[in-house]
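S.K.: Dropping a structure here in C-alpha cells format, bear with me for questions.
Every number here is computed from the coordinates shown, using simple stated rules; none is lab data. Keep in mind that what you see is a predicted model, and the values were worked out from it rather than measured. Here the Cβ positions follow ideal geometry from the backbone for every residue, glycine too, while neighbour counts run over all protein chains shown.
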There are 4 protein chains.
Amino acid sequence: MATPFILINLKTYTEGFGHNAQKIAQSAERIAHENDVRIGLAPGYMDIHPLNVHYSLPVFAQHVDAVSPGAHTGHIVAEAVKAAGATGTLINHSERRLTLADVESAHTMARAAGLETVICTNNVATSGAAAFFSPDYIAIEPPELIGSGVSVSKADPEIIERSVEAVRSVRETVKVLTGAGISTGECVKTALDLGTDGVLLASGVVKAKDPEAVLRDLVSKI
Amino acid sequence: MATPFILINLKTYTEGFGHNAQKIAQSAERIAHENDVRIGLAPGYMDIHPLNVHYSLPVFAQHVDAVSPGAHTGHIVAEAVKAAGATGTLINHSERRLTLADVESAHTMARAAGLETVICTNNVATSGAAAFFSPDYIAIEPPELIGSGVSVSKADPEIIERSVEAVRSVRETVKVLTGAGISTGECVKTALDLGTDGVLLASGVVKAKDPEAVLRDLVSKI
Amino acid sequence: MATPFILINLKTYTEGFGHNAQKIAQSAERIAHENDVRIGLAPGYMDIHPLNVHYSLPVFAQHVDAVSPGAHTGHIVAEAVKAAGATGTLINHSERRLTLADVESAHTMARAAGLETVICTNNVATSGAAAFFSPDYIAIEPPELIGSGVSVSKADPEIIERSVEAVRSVRETVKVLTGAGISTGECVKTALDLGTDGVLLASGVVKAKDPEAVLRDLVSKI
Amino acid sequence: MATPFILINLKTYTEGFGHNAQKIAQSAERIAHENDVRIGLAPGYMDIHPLNVHYSLPVFAQHVDAVSPGAHTGHIVAEAVKAAGATGTLINHSERRLTLADVESAHTMARAAGLETVICTNNVATSGAAAFFSPDYIAIEPPELIGSGVSVSKADPEIIERSVEAVRSVRETVKVLTGAGISTGECVKTALDLGTDGVLLASGVVKAKDPEAVLRDLVSKI
C-alpha cells in the first residue's frame with residue numbers, strides 16, 4: 001500500500017489561521033518527518049503562501065472555483081492557488097458545495113494547474129459519480145458523522161466500505177479518504193482497514209488543546 | 001427500440017405560459033396521438049396542474065429541489081409536483097444547476113414520489129457521473145449548442161456519441177436525450193441515429209410562429 | 001388604520017399543498033368574510049392557479065426570481081405568477097434569500113407585473129434598507145422567533161418597534177408585517193399594538209389540527 | 001474634501017496575482033507617495049499577506065463571507081483577512097453578490113474585525129438601500145459601464161449623481177466611489193466632479209501594458 005495520507009482541514013477556526021496555523025504546521029512537519037507518513041494541511045487561502053514558504057508540507061486549498069483567470073472578483077482560481085505554492089486542493093467540501101458541472105470543471109482546472117485533487121462526497125452514490133472524474137482522492141464525509149465526535153468504526157463502517165466499492169467500480173485507481181468520524185489513531189487504523197488510503201479531519205486536531213499530541217496519536221497505529 | 005421521446009421545455013417564455021401553454025399542449029396532444037410518438041411538455045410550475053387536468057400528455061416539472069415537504073418557502077418539492085399531476089421532472093437543467101449532492105438527493109426524492117427523471121448534463125464527464133444515479137434519462141446539453149440554432153448533426157455529433165458511451169459504460173439501461181441543437185425532423189433523426197432515445201428542446205417549438213407545424217416536422221422522420 | 005392583513009404562508013408543508021391547501025383556503029375565505037379582515041394565502045406555485053379559480057382570497061406567490069420571461073428554466077417569473085391569478089408575492093423570505101441586487105430587481109418586476117409586494121427581512125438594518133425600495137409591505141422575521149413557538153410579545157417586542165421606526169424613517173408609507181412569533185389572537189393584537197399592519201405566519205395555522213379554529217382565534221382580538 | 005481614494009481591484013486576472021501583483025503594488029506605492037493620493041489594492045486572497053508585508057499600501061480583500069470563525073471550509077472570514085494584514089474589504093462586488101441579509105451581516109463582521117468597508121451596488125435604489133448600513137464607502141457599478149471601456153462621463157453621469165443623492169439622503173457621511181467607466185485621469189476628474197470621493201477600477205490598470213503609466217495618468221488631474 002502507498003503511504004497513508006492524513007489531511008488536516010484548518011477550516012476557518014480561530015485556532016487554525018495566522019500564527020495558530022503556523023504552530024500546527026510546525027507540529028505536522030515534525031511528526032510527518034519522524035513517522036514517514038504524509039501529513040498535509042488545508043489552511044485558509046491567506047495562509048497558503050506563508051505556510052508554503054516556511055514549512056515543508058503539502059499545502060492544500062480548501063476550495064477552488066470553476067473559473068479561469070479573469071474578471072471573477074472574490075473567486076479562487078486554481079492557477080493562483082498553485083502560484084501561491086499549493087500542492088493540491090479540496091473540491092466540493094460539505095461546507096462549500098459546487099454544482100455537478102462545476103465539480104467537473106473545477107477539477108479539470110485544478111488538474112491543468114498541476115494541483116492534486118480531493119473531491120469530497122456525502123454518500124455512496126455521489127462517491128461513485130465523482131469517481132468518474134478520476135480525481136486523485138475521493139473523501140467521503142457521511143453527514144451523520146461530520147463533527148459528531150462518533151468514530152467511523154463505531155458508527156457505520158459499511159457506508160465507507162460501500163463507497164470504496166462504488167469508487168473502484170467506476171475507476172479502479174482513485175484513492176479514497178475517510179472524511180469524518182476520525183479523532184484517534186484507532187480511527188485511522190479502522191479507516192485504513194476499511195480499504196481507504198487515508199483520512200481527512202479537522203476539529204479533532206485544530207481545536208485540540210495540544211494538536212501535536214493528537215497528531216502523534218493519529219499516526220501511532222499505522 | 002422504444003418509442004422516441006420528444007420533450008418540450010416551455011421555460012419561462014411568454015409564448016410558453018398561461019393560454020400559450022394550453023395551445024402548445026393541444027397541438028402536442030394531437031400530433032402525439034396521430035403519430036404514435038411520445039411528446040411531453042415541461043411548463044412552468046403554475047401550469048402543471050391546468051395542463052394535466054385538460055390534456056392527455058406527460059407533463060414534466062422543470063426542476064425539483066432537494067428538499068422534503070416542510071419549512072422550505074419558495075422551493076419545489078417532488079411530492080407537491082406529483083400531487084399537481086406531473087409525470088416526471090427535469091433535474092439540473094443548465095439554467096437551474098444543482099450541487100452534486102443535491103442532484104443525487106433531488107433525484108432520489110423525485111423517484112420516491114413516483115416521478116420519471118431526466119437529469120441534464122453538459123459534457124461527457126458529467127453525463128457519465130450522473131448515470132451512476134440511474135435516472136430514467138440523461139439529457140445532454142452541450143453548451144456550444146444551447147440556443148445556438150446550430151444543428152447537433154452539423155456541429156459536433158461526437159460529443160453526443162461519446163456521452164452515450166459514457167452513460168452506457170456506467171449504467172447500461174439509462175436512456176439518453178439529445179438536449180440541444182434540435183429544431184427540425186432532420187435533427188431528430190440525427191439524434192436517434194447517434195444512439196439517443198429522443199430529444200429535449202425549447203425555443204424551436206415555443207418561440208415558433210406556428211408551433212404545431214414545427215412539432216409536425218419534428219416527428220416526420222421518425 | 002387600514003384593515004389588518006393576515007398572510008398565511010403554506011410553505012411546502014404536506015398539510016399545505018393540494019387538497020389540504022383547498023381546505024385551508026375554504027376556512028380562510030369564510031373567516032375573512034365573517035370578520036371583515038383581510039386574509040391571504042401564499043401556497044406553493046402549483047396551487048396558485050387552482051386556489052385563485054376556486055376561492056375569493058388574495059393569493060400570494062412565495063417567491064419570484066429576478067428574471068424576465070425568457071430562457072430561465074425552473075425559475076419564477078412575476079408575469080407568469082400574475083397570469084396564474086396571484087395578487088401579490090413574497091420576496092426574500094428567510095428560506096429563499098435573494099441577493100441585494102435581486103431583491104431590488106425582483107421587486108421592480110413584481111410591481112411592473114401588477115403584484116403586491118411583501119419583502120421579508122431579518123433585522124432592523126435590513127428592514128430599513130429594504131424600505132428604500134418602497135414595497136407594499138416589509139415582513140420582519142427575527143431569526144430568534146422563526147418557528148420558535150415563542151410569542152413576539154414575550155420575546156423581543158423591541159426589535160419589531162425599532163424595525164417599524166427604521167422602515168418609517170426611510171419611507172413613511174411602507175406597511176410592516178410581524179413575520180414571526182405569531183400563533184394566537186393575543187399575538188396578533190400585540191403585533192398591531194407594536195405598530196405593524198398585520199402578520200405573516202405559517203406553521204401555527206398550516207400544521208394545526210384544526211386550522212379554522214386557529215384562524216378564528218387569530219382574528220378574535222382585532 | 002478628503003484625499004480621493006483610488007482602489008484597484010486585481011480580480012483574478014493572470015496579470016494581477018503572484019509576481020504581477022507585486023509589480024503593480026510597487027508602482028502604486030511609488031505614485032501614491034509622489035502625489036499624495038490614497039491608492040489601495042484589492043488582490044486575490046493569497047496575495048493579501050505578501051503584499052501587506054512588502055508594501056506600504058492599503059490592501060483590501062475582494063470579498064468576505066457572512067460567517068464567523070468556525071466550521072466554514074473555503075469561506076472568507078473577516079478576522080482572518082484582518083489577521084493577514086488587510087486594511088479593508090469589498091463587499092457584494094458585482095461578480096460576488098451576497099444576499100441582502102449577508103451584505104448586512106458581512107458588513108457588521110468586517111467592521112467588528114476593524115476593516116474598512118466598501119459595499120458595491122448596481123443602481124440608485126440599491127445604493128440607497130446599502131447606505132442604511134453606514135459603510136465607509138458605497139461603490140456604484142452601473143452594469144452598463146462595467147468593463148465596457150466607455151467613460152462614466154460620456155455614458156451616463158446622471159446615474160452617478162442620483163446614486164450620490166440617494167446615499168446622502170439615507171446617510172449623510174457615507175462616501176461614494178465611482179465603480180465603473182474609469183480608465184483615465186479625465187475619468188477620475190469627472191468622477192470627483194460628480195460628487196464621488198474616488199474610484200474603483202480594475203482592468204484599466206491590471207491589464208494595461210504599462211500599469212504604472214496608467215496609474216500616473218489616473219492621478220494627474222486630481
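S.K.: What is the magnitude of the charge dipole of the protein assembly as shown about its Cα centre, with +1 placed on the Cβ of each Lys and Arg, -1 on the Cβ of each Asp and Glu, and no other charges, expressed in debye to the nearest 20?
M.R.: Numbers: 72 positive and 100 negative charges, 0 e Å.
Charge dipole of the protein assembly as shown: 0 debye, to the nearest 20.
S.K.: Let me ask another. State the answer as a single residue: which of B:Leu200, B:Ile159, B:Cys120 lies farthest towards the positive end of the charge dipole of segment B:99-222, with beta carbon charges of +1 for Lys and Arg and -1 for Asp and Glu, about the Cα centre.
M.R.: Among B:Leu200, B:Ile159, B:Cys120, the one farthest towards the positive end of the dipole of segment B:99-222 is B:Leu200.
S.K.: State, to one decimal in nm, how far the label point of A:Arg111 lies from the label point of A:Lys154, with both points 7 Å from Cα in the Cβ direction.
M.R.: 3.9
S.K.: Another question, then. Test of understanding: in a Gaussian network model of chain D with alpha carbons linked when under 10 Å, which of D:His54, D:His107, D:His63 would top the mean-square fluctuation ranking?
M.R.: D:His54
S.K.: Neighbour counts of other C-beta atoms within 10 Å: give me C:Thr12, D:Thr173 arranged from fewest to most.
M.R.: Lowest to highest Cβ neighbour count: D:Thr173, C:Thr12.
S.K.: If you put +1 on each Lys and Arg Cβ and -1 on each Asp and Glu Cβ, how big is the dipole of segment C:10-118 around its Cα centre, in Debye rounded to 20?
M.R.: 60
S.K.: While we're looking at this one, here's another question. Where the centroid of each part is defined by its Cα atoms, how far is segment B:146-220 from segment C:148-167 in Å?
M.R.: Using only Cα atoms to place each centre, the spacing works out to 56 Å.
S.K.: Just to be sure I understand: of the beta bridges DSSP finds with both ends in the protein assembly as shown, what percent are antiparallel, rounded to 5?
M.R.: Given both bridge residues lie in the protein assembly as shown, the antiparallel proportion sits at roughly 5 percent.
S.K.: List the distances, in nm to one decimal, from the label point of A:His33 to the label points of the same position in every other copy, shortest first, placing each label point 7 Å from Cα along the Cα-to-Cβ direction.
M.R.: Computed spacing set for this position: 3.8, 8.2, 8.4 nm.
S.K.: If each residue's Cβ is checked for other Cβ atoms within 10 Å, how do C:Val103, D:Val199 rank with the fewest at the top?
M.R.: D:Val199, C:Val103
S.K.: So how far apart, in nm, are the two label points at A:Val53 and A:Gln26 if each is 7 Å from Cα heading toward Cβ?
M.R.: 1.7
S.K.: Something else about it: Local charge sum around A:Lys154 (other residues, Cβ-Cβ under 14 Å, Lys/Arg +1, Asp/Glu -1)?
M.R.: -4
S.K.: What are the ³J(HN,Hα) values, in whole Hz, obtained from phi via the Karplus relation 6.51 cos²θ - 1.76 cosθ + 1.60 with θ = phi - 60°, for each residue of segment B:178-194 in sequence order, with x given for Gly and Pro?
M.R.: 7, x, 6, x, 10, 9, 10, x, 4, 4, 4, 4, 4, 4, 5, 4, 7
S.K.: Between beta-carbons, use under 13 Å as the cut-off and find the net charge around A:His107, counting Lys and Arg +1, Asp and Glu -1.
M.R.: -3
S.K.: Same structure, new question: Taking a cut-off of 25 Å between Cα atoms, list the lysines near D:Lys23, but don't count ones fewer than 8 places away on the same chain.
M.R.: A:Lys82, D:Lys11, D:Lys82, D:Lys207, D:Lys209, D:Lys221
S.K.: Need one word for the protein assembly as shown: rounded, prolate or oblate. Basis is the Cα gyration tensor (sqrt eigenvalues a ≥ b ≥ c); a/c below 1.5 gives rounded, then a/b vs b/c decides.
M.R.: Rounded.
S.K.: Got a sec? Charge dipole of segment A:76-189, +1 on Cβ for Lys and Arg, -1 for Asp and Glu; which of A:Leu145, A:Ile76, A:Asn92 is way out at the positive end?
M.R.: Of A:Leu145, A:Ile76, A:Asn92, it is A:Ile76.
S.K.: With a ≥ b ≥ c taken as the square roots of the eigenvalues of the C-alpha gyration tensor of segment C:1-137, please select rounded if a/c is under 1.5 and otherwise prolate if a/b is larger than b/c or oblate if it is not?
M.R.: oblate
S.K.: Further question: For segment C:2-19 and segment B:52-67, what is the separation of their Cα centres, given in Å?
M.R.: 23
S.K.: Taking the alpha carbon gyration tensor of segment A:46-203, what are the square roots of 5 times its eigenvalues, largest first, to the nearest whole Å?
M.R.: 26, 18, 13
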